[in-house]
Structures are given as structure tokens and as C-alpha cells.
Amino acid sequence: RFATLSKFLPFLPVFGGGKSLFQPVFAGDIGRAIETLSRTDDQAILSETRNLVIQAGGPDVLTYREMMELILKTTGRWRPIVSLPFAAGTLQGAVLEKLPENILTVTRSQVEQLKMDSVVTDPTKIPSAHGEKYTTLEAFVKCYGKDGQKDLRRLETVLPTYL
């Protein structure tokens, strides 16, 4: 979506200084985890993954601004990245979310979410309320992935295939 915006906007907007952190994950890596978890004939995996919560995040952590920079670099475009206050995004969302969805649509909920980081939490710092265990997708794939598939795909190798 941001690559498309960079085709016709004279700048790329980021809200709140573009400081929010993101940890994008390749859908194929999540698919590998699901495939592993679906091996119901492997009692070791069934036993070890019972009550396991897997936080899905890729190996790269970037700010909102860094993601825009990477998109521009990958597409070979240059645009200034302009920070807009969250209030401007909230106002934009209040108007645009009532109209038919288009490339400029942003919702107030999306702007609100940009006020928080979207990264995995250190599993050792999450209290267990009901006996669940926590891990990261990266740790899960390293432990249970098939030989030759124990690393998550990095953003700079995946992004060019999508833009």
C-alpha cells in the first residue's frame, strides 16, 4: 500500500514522528509453524507445544519511518517522509472511514494503534495466567523447523518480491 502511495503522493506521511516499532513477519514463516504444529502424529511436538502461545514477529524490528525508507529504497523512489501529528491522522480517519475504502483510507483505530509498538514481548517477561507457555516465532522455527528451514526470512529479502 505504501509503495502505491509513493507513486502519486509528493511525500509519504508518518504519524507521530514515525517512531512506532514494527516487527513484520513473512506469511510463509507463519505457514511453516502451522505446518509443524499440524503434525499430530508426532507426540513429542504435541506434548512440547501444548498450551504454547507463539508470538509472531519477524527477525527485523524497524520504526514506522524506517519501513517507509526501506519501501522507497526498494522501489527506487525518493519522497520526503513527513511526520504528521496523531490528531491529524485521527481527523483523517474520522472522515475517511465513513467513505468507501480507497488507497488513502486510514481509520481512527489504525492511528490509535500507531501510538503503540507492534513487536513481540520477551517471553520470559509474560506472566502465565492459565498454565500457558510463551515463545517467539523465531525460537519456535529454530527448535522445530526442518533442516535448512530454521531461520526466518528477513524483510529486505522478502520485500522486493512484493513491490
HN-Hα J in Hz across segment 55-70 - Karplus 6.51, -1.76, 1.60, θ = phi - 60°, x for Gly and Pro: 7, 8, x, x, x, 10, 10, 10, 7, 4, 5, 4, 5, 5, 4, 5
Answer with one residue from LEU9, GLY31, HIS130: the one whose Cα lies farthest towards the positive end of the charge dipole of the chain, charges on Cβ with Lys, Arg +1 and Asp, Glu -1. LEU9
Quick one: plug the Kirkwood hydrodynamic radius of segment 78-121 (C-alpha pairs) into Stokes-Einstein at 20 °C, 1.002 mPa s, and report D in µm²/s. 184 µm²/s
For the chain, with a Gaussian network of springs between Cα atoms less than 10 Å apart, report the residue from LEU152, LEU46, LEU62 with the top mean-square fluctuation. LEU46
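Could you size up the charge dipole of the chain around its Cα centre, putting +1 on the beta carbon of Lys and Arg and -1 on that of Asp and Glu, and report it in debye to the nearest 20?
520 debye
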Which chymotrypsin sites (Phe, Trp or Tyr not before Pro) in segment 1-89 sit in a loop by DSSP (not H, G, I, E or B) and have at most 10 other Cβ atoms within 10 Å of their own Cβ? TRP78
So which of LYS19/LYS98; LYS7/LYS98; LYS19/LYS133; LYS19/LYS146 end up more than 32 Å apart by C-alpha? LYS19/LYS146
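In terms of the ratio Rg/(2.2 N^0.38 Å) built on C-alpha atoms, what value belongs to segment 1-92?
For segment 1-92, the normalised Cα radius of gyration comes out at 1.54.
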Accessible area of LYS98, 1.4 Å probe, to the nearest 10 Å²? 150 Å²
In whole percent, the fraction of accessible protein surface over the chain that belongs to carbon or sulfur atoms, probe radius 1.4 Å, stands at 58 percent
Solvent-accessible heavy-atom area per residue, rounded to whole Å², over the chain at 1.4 Å: 61 Å²
Let me make sure I get this right: for segment 85-163, a, b and c are the square roots of the gyration tensor eigenvalues over alpha carbons, sorted descending. Under 1.5 in a/c it's rounded, otherwise prolate if a/b > b/c, else oblate. Which is it? oblate
Between LEU96 and LYS7, the two model label points (7 Å from Cα along the beta-carbon direction) sit apart by a distance in nm of 1.7 nm
What do you get for trypsin sites (Lys or Arg not before Pro) in segment 5-56 restricted to DSSP loop and a cutoff of at most 10 other Cβ within 10 Å of the site's Cβ? ARG50
Just the C-alpha atoms of the chain: what Rg/Rh do they give, with Rh taken as the Kirkwood radius? 1.04
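The values are calculated or read from the model by the stated rules, or taken from the named source; none is laboratory data. The structure displayed is predicted, hence computed values, not measured ones. Backbone-built Cβ (ideal geometry, glycine too); neighbour counts: all protein chains shown. Surface accessibility is based on the protein's heavy atoms, side chains included, excluding ligands, DNA and RNA. Shrake-Rupley method; radii C 1.70, N 1.55, O 1.52, S 1.80 Å.
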